[in-house]
1. Among the GluC sites (Glu not before Pro) within region 73-137, which fall in a DSSP loop and have no more than 16 other Cβ atoms within 10 Å of their own Cβ?
2. Only loop residues by DSSP count here, and only those with at most 16 other Cβ atoms within 10 Å; note down the trypsin sites (Lys or Arg not before Pro) in region 25-71 that meet that.
3. Measuring from label point to label point, each 7 Å out along Cα→Cβ, what is the T50 to K11 span in nm?
4. Across the chain, how many lysine pairs, 8 or more apart or on two chains, come within less than 19 Å at their alpha-carbon atoms?
5. Give me the extension gain from D120 to Q23: residue separation times 0.36 nm, minus the current Cα-Cα distance, reported in nm with one decimal.
6. For the chain, what's the radius of gyration and Dmax over Cα atoms, in angstrom?
7. Let me know the volume per residue of the alpha-carbon convex hull for region 1-81, in Å³.
8. Where a ≥ b ≥ c are the square roots of the eigenvalues of the C-alpha gyration tensor, would you call region 57-106 rounded, which needs a/c under 1.5, or, failing that, prolate if a/b is larger than b/c, or oblate?
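What follows draws every value from the coordinates through simple rules; no lab data is involved. All figures in this text were calculated on a predicted structure; none of them were measured in a lab. In this analysis, Cβ positions are derived from the backbone assuming ideal geometry, glycine residues included, and neighbour counts consider all displayed protein chains.
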Amino acid sequence: MKLAPGLAIQKSPIDGRGCFATQLFPKGKKIAEYAGELISEREVALRVKTRRKHRICAIERGRHLDGARGGNGTHYINHSCRPNSYMRITHGHLLFMALRDIQPGEEITCDYISTHHPDDYRCRCKAEGCRGTINRV
Ligand SMILES: [Zn+2]
């Protein structure tokens, strides 16, 4: 796996492995673009059914990226109810942007709001005010 600059994969206190900053990402700046295999709606349904964990993001209607193949480390960004990054979709590209200054060594997190996980899939972010589920229902 070729990591995007400034990222490292390490054990995460939230879930499994996570994506960590190795450099400062200033507030409002791009962290990295989400990379992965471009797959169809039908393929998404199949992969979601057969994998407990998956790393699929929608970029636009009918276009999804599976970071499990060809990912650059951003597919390890865990969900948090109090994230330090957010996703921006621009011209078919999915970008992670810094919500605040992110220091080297910090885990990068994002509020995924709506995922292919079931609505009762538990959130383990442990953040103050955690809503208890990854999907906002
Ligand atoms: Zn949470």
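1. For GluC sites (Glu not before Pro) across region 73-137 that sit outside H, G, I, E and B with at most 16 neighbouring Cβ atoms in 10 Å, the list reads E106, E128.
2. Passing sites in region 25-71 are K27, K29, R51, R52, K53, R61, R69.
3. Going by the 7 Å Cα→Cβ label model, 3.1 nm.
4. Lysine pairs, 8 or more places apart or on different chains, close enough: 4.
5. Residue separation times 0.36 nm, minus the Cα-Cα distance, leaves 31.4 nm.
6. Over the chain's Cα set, Rg and Dmax evaluate to 14.2, 39 Å.
7. Expressed per residue, the convex hull around the Cα atoms of region 1-81 is 117 Å³.
8. Prolate shape, in that a/c is at least 1.5 and a/b is the bigger ratio.
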